[in-house]
Amino acid sequence: MSASKPNFLWSMLTCKCPRCRRGHMFNNSNPWNLKKVFDMPEYCPECGQKFELEVGFWYGTGYVSYALSVALSVASFVAWYVLIGMSTKDNRFFWWLGINIGLLIFLQPWLMRLSRVIYLYFFVSYEPNYKTKAPVKNSLT
């Protein structure tokens, strides 16, 4: 095992297991392969952590995905307002609205994956000795 602790944010953005931060959470690294966007192994290939802690576990990711979409929309609105400005007289607001909708549609597969990762990170914490300690079975009970 490496002595360095993997970065929390980088591990989350690259969809790594929350327990070891080394194993991939998805079988296919390309989120825009829509037929396989949610293909996940049952257990982490590196540490053996079960990803679906209980039946229906992933239903909560809808709230996380919604929050990510709202945060992305607010960030794009602020960036647009600062860089270009807002006005309904010359349709700048409607241009932002159209570009924001396009951005949300384009990023939706990645946002759905990221919401699963963030949701699992709520329930499973990092374990530096993941090779010797048993994985979390069900932290919800």
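Values for this structure:
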{"read-out": "Among residues of the range 16-39, those that are closer than 14 Å to residue 117 by Cα, among the hydrophobic types (A, V, I, L, M, F, W, C) and open to solvent by 40 Å² or more (accessible area, probe 1.4 Å), counted", "value": "1"}
{"read-out": "Residue match in the range 46-54 (condition: open to solvent by 60 Å² or more (accessible area, probe 1.4 Å) and of a type in the set (A, V, I, L, M))", "value": "no"}
{"read-out": "Filtered residue count, the range 95-141, keeping only those that are farther than 21 Å from residue 15 by Cα and either modelled with pLDDT of 90 or more or surrounded by 16 or more Cβ atoms within 10 Å (Cβ to Cβ) (or both)", "value": "8"}
{"read-out": "Residue among 26, 38 that alone is in a loop (DSSP other than H, G, I, E, B) and modelled with pLDDT of 90 or more", "value": "26"}
{"read-out": "So residue 58, is it open to solvent by 30 Å² or more (accessible area, probe 1.4 Å), in contact with a helix residue (DSSP H, G or I) (Cβ under 7 Å, 6 or more places away or on another chain) and not aliphatic (A, V, I, L, M)", "value": "yes"}
{"read-out": "First in the range 75-90 and of a type in the set (Ser, Thr, Tyr), second anywhere and open to solvent by 50 Å² or more (accessible area, probe 1.4 Å), Cβ under 7 Å, 6 or more apart", "value": "76/103; 87/93"}
{"read-out": "Where residue 71 falls short, out of the listed (1) within 30 Å of residue 123 (Cβ to Cβ); (2) open to solvent by 60 Å² or more (accessible area, probe 1.4 Å); (3) modelled with pLDDT of 95 or more", "value": "(2)"}
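Conditions (1) outside any helix (DSSP H, G or I); (2) among the β-branched types (Val, Ile, Thr); (3) under 26 Å from residue 29 (Cα atoms), marked per residue:
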| site | (1), (2), (3) |
| --- | --- |
| 45 | yes, no, yes |
| 61 | no, yes, yes |
| 67 | no, no, yes |
| 74 | no, yes, no |
| 98 | no, no, no |
| 104 | no, no, yes |
| 112 | no, no, yes |
| 118 | no, yes, yes |
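The values are calculated or read from the model by the stated rules, or taken from the named source; none is laboratory data. All values derive from a computational prediction rather than experimental measurement. Reconstructed Cβ throughout: ideal geometry from the backbone, glycine too, with neighbour counts over all protein chains shown. Side chains are part of the model used for accessible areas, which takes the heavy atoms of the whole protein and leaves out ligands, DNA and RNA. Shrake-Rupley method; radii C 1.70, N 1.55, O 1.52, S 1.80 Å.
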